[in-house]
Amino acid sequence: MNRYGRWTAFREAGFWIAAIPMLLPVYLVLTTVLRGPEARGESALRPPGDPTLGNMERAWTEAGGGTVSFSQALVNSVLTTAAVVAILVVVAAPAGYALARRGSKLSGAVFGMFAFALIMPIQLGIIPLYGFMVDAGLTGTRAGLILVYAGLQMPLAVFLYTGFLRGLPTAYEEAARVDGARPLRVFAGVVFPLVRPVTGVVATLTGLFVWNDFFVALVFVGDTDKVTLPVAVYSFVGRFAAEWPLIFAAALIAAGPVVVLFGFAQRTIMKGFTSTLHG
Amino acid sequence: MNIRGRALGCAAVAVALLAAAAGCGADAGGDGEIVVSVWDDGREESSIDVAARDFEKAHPDLTVTVQKNPFDQHLQALRRQLGAGRAPDVAMTVVGYGESGTVRALADKGLLADLGESPWAGRLPDTVAGAVGDGSEVYAFPVDSMAIGIVAKKGTDVPGTYTSMLTACRDAGRDGKTAFALGGHENSKMPHIVGFALAASTVYADDPGYGDKRLRDEVTFAGSDGWEQAVARFGEMRDAGCFGENAAGTTREATARALGDGDALMAVTPTVTLPLWQAAAPDAEFVMAPFPGDDDPDRVLVPAGASSGLVVPAKASDAGPGKQFVDFYAKHRARYAEIDGAVPALPDDGGGPRAPGYAAALEPYLRDGRTAPIMDQQWPNPELIARFDSGLVEMLTGRAEPADVLESMDAVWTSEAP
Amino acid sequence: MKRPGAVPWLFVVPAAALTLLILLVPSLVGAAYAFTDWDGLTSPSWVGLANFTEFFDDGSHVVGQTLILAGLYVVGVNAAGLGLALGLAHTLRTRHVLRALFLVPAVVSPLVVAYIWTFILDVDGPLNEILEAVGLGSSAQPWLGQRNTALAAVAIVMVWQFAGYHMLIYLAGLQGVQRELLEAAEVDGAGPWRRFADITLPLLRPALVIGTVLSTISAFLLFDQVMALTGGGPSGGTDTLGTYVYEQTFVNGRYGYGSAVALLLVGGVCLAALVQMRLLRGRRS
Amino acid sequence: MTSIGLDHVVMRYDGTQAAVDDVSLEIEEGEFFVLVGPSGCGKSTLLRLLAGLERPSSGTVRMDGSDVTELTPRLRDVAMVFQNYAIYPHMTVGGNLGYGLKVRGVPKREAAARVREVADLLGLGDLLKRRPTTLSGGQLQRVAMGRAIARRPRAYLMDEPLSNLDAKLRVSMRAELEQLHRRLGVTTVYVTHDQVEAMTLGSRAAVLRAGELQQVAAPQELYARPANAFVAAFIGSPPMNFALATAREDGLDLAGFDLRLPAEHRPPVAAGERVLVGIRPEELRAPQAAGKDACALRVTCAVRQNLGADQLLFFPVPQLPYEAAVIARATFAEDRPAGPAVGSGERLLCARVPADVSVEPGDTVDLAVRPGALHYFAPDGGARLPSA
């Protein structure tokens, strides 16, 4: 039934045809980015005569976000994303462990709180939050932005860790406890290494959210040099409204690193994803 | 893995931790530092950057930090900062009403310092006074000015009268071209510009004070014959094929390309948008001409006025440094204007040119005061401009009549800013 | 009550504190503003339910549009995700490459994707060029500029971006369907469609729940894509609850009214999520 | 019921060593036919070929004479019981039992009756509404069986159905299977790696190794006249003893023992030639129980295992290393678990004697073996050599 016969080869071709609409936009972006200003009128469907990296270069050097260049925005994005993911893994894992292991009514309610926060949109609390951050003098600082992102993504992280840890057999922990290890050592030494798959998923999902988020970054660091890539792209579009080659060059800078990273880590991410979702 | 049903039951835990509402706190600028918040106008080095350095040279004890926001997020950011007590010392914003962070919208709520005693305050022409103050007080130094007219490549013969314009539209249609490139896409915000150009000659030709009367709720849009005629003429332009078929969905970039490639001959636009057209056709030379709003040349008026202005937020401590910077900028405004390639809204007494070089055709109108105000500067509720834009787009697709457009605008009219 | 070696509460405190400080408490404060006419500048004054009645009078078209968009997106992205997962679960030799390929759009920022598609769907954009090239010139139109095509266009762009993400959810779900069960059903005489309906689909129930709930939430909270693609246009035709809240709160400065609509948004999302879980959960497999 | 035939069936998974290599078989109608062999010998693949879950690379599969090779399982009307039961977790027990009927469009009323009938037959009457996740291994196994029986198919195909049960339950289920087959009389092809099941259940059994058919015969025939050293070693527990011997004019020189044999029981090779000799442990008896012309062997006992009714005595015999290799090759030992550990240069043989013989490790014991109980195999390849 599952041998690689004629019918399967036919299906394989079918899927590659279905992949064309997926690839076409990427192709169009590339042909537009590589097209020199002299061939401006050409249709995007035809590859450029003599491709040039001029647009990429100009996008990279030109001041992207008004006060900040793309290279600076890239650094901001990397630092912010890394810090947020680190905080989430270090704080959410133990929380998930506690919630998964304590079966009391209270822990159920606390988990419910995280679940409720999971579907809470940011629009409702953004202004009061902005007020808090101003009073705390954190607006316009990278630390403030990191704190906000960590808070926003904490429910998802705790949710994933709890779900995964509920499926993890307790034998390993009990063995460590029998050897006299205290809860913190049990967690660090035994449990944390075991949750590597879900840590991968948490890092991927929350990292992607922080890297791609536009609105929160705009509100909290919009007019400073701590601006992240999406905001830089947005203001870049604001200024070069009619020049798609430049806009797509900016888009490639913003999306490039993630796609490349994803290309390498794709198998492990997928494995982690499936094992986590499957519990 | 699923979302536990009891999620809602636990909201009680969060309520128990209700914190104090957002109060106002210390302002952003330290003692010797002035924070100037402007929008990013695309130039590496705008006039504000130059002014900041000059000011620091003139006042060694003060340092100036320039913060730049993406253009269409700047007004919202300004309002957020003022609301949360993190206001800058000086801010660039749009004059009059029209959006949530403009001069009058913020001034009406007492958030801007009175600049009445500044040296330049005396020289405010009345066309600008209403947009930067409420008659008794002055809240902003007008920086740039703008005028609305027809932009086209040099050599295009721009029609002189309203009827000749309609025939020009039909001729263009026959050669497969579009007379006026118009972007109906929500983000392009172009249809109301045509509306203003028409209304200048139908409303303000007869009743220059219409704007103030509207503010005092003495008149309405639907009830004004001038507005009725303006919107009806928009319909006539549509029927003459002035805008081509797909105008409703076209983006601003697509209109720029259409004008650049010659598929469209002209566009109705404010003077400040030259970079947009130039970017789409770097080697073409563009000129601007008045929009023939009527057949009788005497009734043709050009919507014009100040566009941006510097304001000083009325902060708890003291607005001194901010005012100093604004006055310093005002003194050298002529020199800074060249840097920006813009026309100062407040012409120094020497009577310099009122319109940028490429819009020389508008100069006589501006000099002789044959102008109408930029209408939305007198529309407190920001939603009004959105209703006008979408109403005109509905007319493009034949789903609305002039009366519907004007009535939907009256429905959201408020005489003070929300 | 402390069981020997039980995990101490201390482990949960930092996570709970951060969530409360950044998300829950501000949202509660925001919910309080829903009953005022706060403009974000001066002190708010109580208006009771005025904001809500105003919304139900002239804002209700937004709810309709959000439901249409949510419906199109939820059905589209889950059908596409399930189809991809079923096709790429096994047998195909290049399935890992194909899976990665379909997942790439999901890692790109929604804003960037929206700009790319604004370019593609523009009146003089590549899509219309292709249509002309294949002789369907007549059907070339401003996809984002017309009421009837704009909503569908936004939904399609989102399905294009997140189909791969949902494929991942269903691939995980398919792990739960051992091949032996399908073989047993085949020997029992069930044809391919019956096997899908009687065996695969019921066992995919947990994945279906996750897929529909996640896509519903993102459809309701949709913001970046619509703002960049259509700006809510033409003339408000693709405004969703997400963009309406943004416009009212930030563009028009009506923070109180915006908070009220946002509160309705939260209520709607919670309701939709709970209904779907109850509907799809059925018997615990 | 149906008869099943295989003609030169080959199954090769894209280029690797053939999983099923030129197997031809005839299974009569109503027979309980067992496929037995070590894991990886292709017995499950063969079963899947019969079920239609796999297409053979070449060869044909016949049912009742007609060629069904290309038919899908649906059209073959066979029922299959899987090793892990393959019970549909989201259906009730009743749902599982009746699924085959529902899918084949059997009217609701008749289907319900047949489900009720099978449930009573297998003692599942009060479990019909239960969820599979709440059942025990034995109950799940019965449901799997019930699903097949309810179908009233032309043949049952069972893939090691008892292997997941505990020992005690396995014995009772074996008995039930036997009774069911006698009562229903449906042709059954039963796959197992346990040679005890092959001996007890099958009317006939086929021994397989590395995809190749070794022998097809009734269990007693497999036990008494194994076709080669591999079958001899595989069938029977504890396994047959092997030793390399040299033929003599009047008998055998077996590992230092000089056995005088009557003509008809002498190895069919010239004197001085090497021959592989196999002796069942139960044939190494106490002298008085071995009959008058038995050959005597005096051995020293190394290991004693008490089995209750009788006991196993392990005693070493001298053996050269290369001889061990020859034996291992001839019996394909790498396919079977190794016997008790032995020092180099020695080989442990095993005798099964009654429990009342008191023996302690280290004692010397007198054993005897009937000449007729000796099996002869070719040292090269292990094929059976007919005694002269």
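The values are calculated or read from the model by the stated rules, or taken from the named source; none is laboratory data. None of the values given here were measured: they were computed from a predicted structure. Neighbour counts are summed over all protein chains in view; Cβ atoms, including those assigned to glycine, are modelled from backbone coordinates with ideal geometry.
Look at A:Pro25 and say whether it is assigned to a helix (DSSP H, G or I), without any contact (Cβ under 8 Å) to a residue 12 or more places away in the chain, within 10 Å of another protein chain (Cβ to nearest Cβ) and under 30 Å from the mean Cα position of the chain (by Cα).
yes
Quick one: how many residues across the range B:106-132 are of a type in the set (Asp, Glu) and closer than 22 Å to B:Pro321 by Cα?
Of the residues in the range B:106-132, 2 are of a type in the set (Asp, Glu) and closer than 22 Å to B:Pro321 by Cα.
For the list (1) surrounded by fewer than 24 Cβ atoms within 10 Å (Cβ to Cβ); (2) more than 28 Å from C:Thr230 (Cβ to Cβ), I need the number of the one condition that B:Gly293 fails.
The failed condition is (1).
Give me the residue from the range D:305-324 that is modelled with pLDDT under 85 and among the aliphatic types (A, V, I, L, M) and, out of that set, surrounded by the fewest Cβ atoms within 10 Å (Cβ to Cβ).
D:Leu320
Does B:Glu245 satisfy the criteria of being of a type outside the set (Lys, Arg), within 20 Å of C:Gly233 (Cα to Cα) and surrounded by fewer than 21 Cβ atoms within 10 Å (Cβ to Cβ)?
Yes: the conditions hold for B:Glu245.
Would you kindly identify the helices (runs of 4 or more DSSP H) lying entirely within the range C:24-95 that contain at least 2 residues that are within 14 Å of chain A (Cβ to nearest Cβ) and under 18 Å from the mean Cα position of the chain (by Cα)?
So the answer is C:60-88.
Of the residues D:Ala243, D:Ala229, only one is under 28 Å from D:Ala296 (Cβ atoms) and either in contact with a His (Cβ under 6 Å, 6 or more places away or on another chain) or in the same structural domain as D:Leu162 (by TED's automatic domain parsing) (or both); which?
When all the criteria are applied, what remains is D:Ala229.
Take the residues of the range B:240-293 that are farther than 15 Å from B:Val151 by Cα and assigned to a helix (DSSP H, G or I): which is nearest to the other protein chains (Cβ to nearest Cβ)?
Of everything passing the filter in the range B:240-293, B:Gly249 is nearest to the other protein chains (Cβ to nearest Cβ).
For the range C:98-182, which fully contained helices (runs of 4 or more DSSP H) count at least 3 residues that are at the interface with another protein chain (Cβ under 8 Å from one of its Cβ atoms), aromatic (Phe, Trp, Tyr) and buried (at least 20 other Cβ atoms within 10 Å of the Cβ)?
Qualifying helices (runs of 4 or more DSSP H): C:110-121.
For the range C:200-225, which residues satisfy the criterion of being more than 8 Å from every other protein chain (Cβ to nearest Cβ) and either of a type in the set (D, E, K, R) or within 12 Å of the chain's Cα centre (by Cα) (or both)?
Residues satisfying the conditions are C:Gly211, C:Thr212, C:Leu214, C:Ser215, C:Thr216, C:Ser218, C:Ala219, C:Leu222, C:Gln225.
Pairs under 8 Å by beta carbon, first residue within 11 Å of B:Ser390 (Cα to Cα) in the range B:400-418, partner of a type in the set (A, V, I, L, M) and crowded, with 20+ Cβ neighbours inside 10 Å, six or more apart or different chains?
Going by the 8 Å Cβ cut-off, the qualifying pairs are B:Val405/B:Val231; B:Val405/B:Leu392; B:Val405/B:Met395; B:Met409/B:Leu384.
When the residues of the range B:396-418 are filtered to those that are more than 10 Å from chain C (Cβ to nearest Cβ) and among the aliphatic types (A, V, I, L, M), which remaining residue is surrounded by the fewest Cβ atoms within 10 Å (Cβ to Cβ)?
That would be B:Ala403.
Got a sec? Which of A:Gly189, A:Gly263, A:Gly222 is within 14 Å of chain B (Cβ to nearest Cβ) and either surrounded by fewer than 24 Cβ atoms within 10 Å (Cβ to Cβ) or touching a strand residue (DSSP E or B) at 6+ places or on another chain (Cβ under 6 Å) (or both)?
One residue alone meets the criteria, A:Gly222.
Listed residues A:Leu252, A:Leu229; which is surrounded by 23 or more Cβ atoms within 10 Å (Cβ to Cβ) and of a type outside the set (Asp, Glu)?
When all the criteria are applied, what remains is A:Leu229.
Restricting attention to the range D:17-69, which residues are over 21 Å from D:Glu212 (Cα atoms), out of contact with any strand residue (DSSP E or B) (no Cβ under 9 Å at 6 or more places or on another chain) and outside any strand (DSSP E or B)?
none
For the range D:73-92, check the following and say yes or no: at least one residue is part of a helix (DSSP H, G or I), within 20 Å of the chain's Cα centre (by Cα) and modelled with pLDDT of 90 or more.
No; the residues of the range D:73-92 include none that is part of a helix (DSSP H, G or I), within 20 Å of the chain's Cα centre (by Cα) and modelled with pLDDT of 90 or more.
Has the range D:102-114 got at least one residue that is within 21 Å of C:Glu186 (Cβ to Cβ), outside any helix (DSSP H, G or I) and among the β-branched types (Val, Ile, Thr)?
yes
Restrict the check to the range C:9-22 and report whether at least one residue is at pLDDT 85 or above, facing another protein chain (nearest Cβ under 7 Å) and not in a helix (DSSP H, G or I).
Checked against the condition, which is being at pLDDT 85 or above, facing another protein chain (nearest Cβ under 7 Å) and not in a helix (DSSP H, G or I), the range C:9-22 yields at least one hit.
Could you tell me how many of the residues in the range A:68-103 are surrounded by fewer than 20 Cβ atoms within 10 Å (Cβ to Cβ) and within 14 Å of chain B (Cβ to nearest Cβ)?
Looking only at that region, the number is 3.
Go through the range D:343-388 residue by residue and tally those that are in a loop (DSSP other than H, G, I, E, B), in contact with a Phe, Trp or Tyr (Cβ under 7 Å, 6 or more places away or on another chain) and within 14 Å of D:Val269 (Cβ to Cβ).
Counting residues in the range D:343-388 that are in a loop (DSSP other than H, G, I, E, B), in contact with a Phe, Trp or Tyr (Cβ under 7 Å, 6 or more places away or on another chain) and within 14 Å of D:Val269 (Cβ to Cβ) gives 2.
For B:Asn381, only one of the following conditions fails: (1) facing another protein chain (nearest Cβ under 10 Å); (2) over 25 Å from B:Arg216 (Cα atoms); (3) buried (at least 20 other Cβ atoms within 10 Å of the Cβ). What is its number?
Here B:Asn381 clears every test but (2).
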